[in-house]
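Asks: First the structure, then my questions, so here it is.
Each value in this text was obtained by applying a stated rule to the coordinates, not by laboratory testing. Predicted model, so just to flag it, every value in this text is computed and none were measured. Neighbour counts are summed over all protein chains in view; Cβ atoms, including those assigned to glycine, are modelled from backbone coordinates with ideal geometry.
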Amino acid sequence: MKVTPTEIPDVKIVEPNVFGDARGFFFESWNKRALAAAGIDADFVQDNHSRSRQGVLRGLHYQIQSPQGKLVRVVAGTVFDVAVDMRRSSPTFGRHIAVTLSADDKRMLWIPGGFAHGFFVLSDVAEFLYKTTDYWYPEHERSLLWSDPALGIAWPAQIEPIVTAKDGAGAKLADAETYE
């Protein structure tokens with residue numbers, strides 16, 4: 001596996017070694033030993049799988065208590081994936097990373113606890129898998145407003161976003177609960 005830090009070094013792009021031939025392909029999507037050697041030493045407790053149609057924007061979600069580290073990947077389709085640093089003590093507080101992930105490129109993104117996360121579906125449909133380092137606690141879940149101008153996220157403009165009422169009413173960064 002190749003692990004590359006992004007502009008926010010705690011967020012990393014993970015590129016698995018893919019072995020393919022006429023029959024198809026094989027790759028390890030998680031190998032604790034290999035990723036720990038690359039600086040991702042995580043114990044996962046939950047796997048999540050979502051399917052969404054084109055234009056669906058999920059997020060930007062985080063848990064103010066029991067923050068979740070996430071290893072995310074796409075198994076069908078393509079998404080525009082975003083992580084926002086919510087750690088006030090971080091030199092990159094309020095900054096974001098945005099990458100395109102697809103089933104074709106098989107890249108994954110490691111997002112440590114302390115970040116808000118969301119994605120926007122670019123393909124007709126997308127299936128999105130992610131492992132988490134803590135359980136989901138609905139009472140601790142928060143939404144950061146995906147369209148807050150202070151974040152400066154250049155969401156793809158060719159498709160009108162479809163968001164839930166909860167995500168549409170997310171807090172702006174200036175008003176959001178954050179981590180120390």
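Asks: Please give the residues of segment 92-122, grouped as numeric ranges, whose backbone N is less than 15 Å from a label point set 7 Å along the Cα-to-Cβ vector of A171.
Replies: 94, 114-117
Asks: For segment 2-175, what D do you get in µm² per second when you plug the Kirkwood radius from alpha-carbon pairs into Stokes-Einstein at 37 °C and 0.692 mPa s? All intermediate terms of the calculation are to be shown ahead of the outcome.
Replies: Values: Rh = 16.5 Å.
This corresponds to a translational diffusion coefficient of 199 µm²/s.
Asks: Would you order Y130, Y179 from fewest to most other beta-carbon atoms within 10 Å of each residue's own beta-carbon? Could you put the intermediate results ahead of the total?
Replies: Details: Y130 22, Y179 17.
Ordered by Cβ neighbours within 10 Å, fewest first: Y179, Y130.
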